[in-house]
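Read-outs throughout are calculated quantities, based only on the coordinates presented, and are distinct from any laboratory measurement. Worth saying up front: this structure is predicted, and the values here are computed from it rather than measured. Reconstructed Cβ throughout: ideal geometry from the backbone, glycine too, with neighbour counts over all protein chains shown.
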Amino acid sequence: MIAKSLQESDKQPQKSFSAAEIGLILKAAHFAANKHKSQKRKGAEASPYINHPLEVADLIWNAGQYHDPEVVCAAILHDTVEDTETTFNEIEELFGKRIASLVKEVTDDKSLPKAERKTLQIEHAPHLTEGASLIKLADKTSNVKDIVNDPPPDWSEERQHDYVEWTKLVVNKLAPVCPPLKEHYERNYQSAKATLAKQAKKIRD
Ligand code: ZN
């Protein structure tokens, strides 16, 4: 299977990337790691927060086979403004206008109540640029898996279930930007639902 997929990818013209592009990705990883350094994911394992943005970037590049270094940088940085002291100006100065604008597109307005932010994500989803749609899709793909595999200790199954269904509402509104990544999301979504159904059955039995 691995051999086959390598052969298939060999048939596609391979883009090569410059030292400056790879440098920018590493700079984003280092910047985000510093910004998130004292944060943990909500799950019981409390894994380092940076695992999440790195997974989002990995999903876009490898599962999605979408190779745009600026989108990958924005994916790595996507939670810095929402969840740390980072400003959009800081991102623009260090990483340029396009990356700052991609991060802005996927950043919630934290001054709004949570329920409203969640509704706005559904409403904004169809209007996102291609790069921002990719980041949103990869973000939900990562979160759906984490919520069920390593749920926050204070989240009931109902809350997990509602969260998983909400990600589906957002994803369904996104433009069809990357079929392989969408398939990956679908697999995570189905497996999250199966896990939750199994847990619900255990409780009933
Ligand atoms: Zn995120």
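Helix-derived [θ] at 222 nm for the chain: sum -39500 (n - 2.57) over DSSP H runs of at least 4, divide by residue count, nearest 500? Intermediate values should be presented prior to the final figure.
Details: 11 runs with 139 residues, N = 205.
It lands at -21500 deg cm²/dmol.
How high is the relative contact order of region 133-205, in percent, counting Cα pairs under 8 Å that sit 6 or more residues apart? It would help to have the intermediate numbers written out before the result.
Details: 45 pairs, mean separation 36.4, N = 73.
Reported relative contact order: 50 percent.
Over its Cα atoms, what ratio of radius of gyration to 2.2 N^0.38 Å does the chain give? Please list the in-between numbers first.
Values: Rg = 17.6 Å, N = 205, 2.2 N^0.38 = 16.6 Å.
Against the compact-globule rule of thumb, the ratio is 1.06.
Give the relative contact order (percent, whole number) for the chain; include only Cα pairs under 8 Å separated by 6+ residues.
That works out to 21 percent.
What is the pair-distance distribution P(r) of region 65-167, computed from all Cα-Cα distances in 5 Å bins starting at 0, with each bin given as a whole percent?
P(r) over region 65-167, rounded to whole percents: 2, 12, 20, 21, 21, 13, 7, 3, 0.
Can you tell me which of 177-189, 104-116 comes out highest on packing, and rank the rest after it, using the mean Cβ neighbours within 10 Å?
Values: 177-189: 17.3, 104-116: 12.8.
Put in order of decreasing packing, that is 177-189, 104-116.
Please compute, over every Cα-Cα pair in region 134-205, the percentage with a separation greater than 15 angstrom. Working shown, then result.
Values: 1299 of 2556 pairs.
So the portion of pairs separated by more than 15 Å is 51 percent.
For a 24 Å ceiling on Cα separation, which of these pairs sit above it: K104/K193; K114/K173; K145/K182; K118/K140? The partial results should precede the final answer.
Numbers: K104/K193 31 Å; K114/K173 19 Å; K145/K182 14 Å; K118/K140 13 Å.
Among K104/K193; K114/K173; K145/K182; K118/K140, the Cα-Cα distance tops 24 Å for K104/K193.
So which trypsin sites (Lys or Arg not before Pro) in region 20-92 pass both tests, a DSSP loop state and at most 12 other Cβ atoms within 10 Å of the Cβ? Working shown, then result.
On the way: sites: K27, K35, K37, K40, R41, K42; in loops: K37, R41, K42.
Sparse-neighbourhood loop trypsin sites (Lys or Arg not before Pro): K37.
Using the Kyte-Doolittle scale, which helices in the chain average at least -0.5 and also have C-alpha atoms spread 20 Å or more along the helix axis, with helices defined as whole DSSP H runs?
Details: long enough: 19-35 (24 Å, 0.69); 130-149 (29 Å, -0.16); 157-173 (25 Å, -1.35); 179-204 (37 Å, -1.43).
Helices meeting the span and hydropathy rule in the chain are 19-35, 130-149.
Normalised by the residues of region 67-130, what does the relative contact order come to in percent, with Cα pairs under 8 Å and at least six apart? Can you show the working numbers first?
Working: 39 pairs, mean separation 19.6, N = 64.
Relative contact order for region 67-130 comes out at 31 percent.
Take peptides 135-142, 43-50 and line them up by average Cβ neighbours within 10 Å, highest first, as a rough protection proxy. Numbers along the way, then the final one.
Values: 135-142: 25.8, 43-50: 15.4.
Going from most to least packed, we get 135-142, 43-50.
Taking a quarter of the surface of the convex hull around the Cα atoms of region 69-108, what do you get in nm²? Please list the in-between numbers first.
Details: hull surface 9.3 nm².
Seen from a random direction, the Cα hull of region 69-108 projects 2.3 nm² on average.
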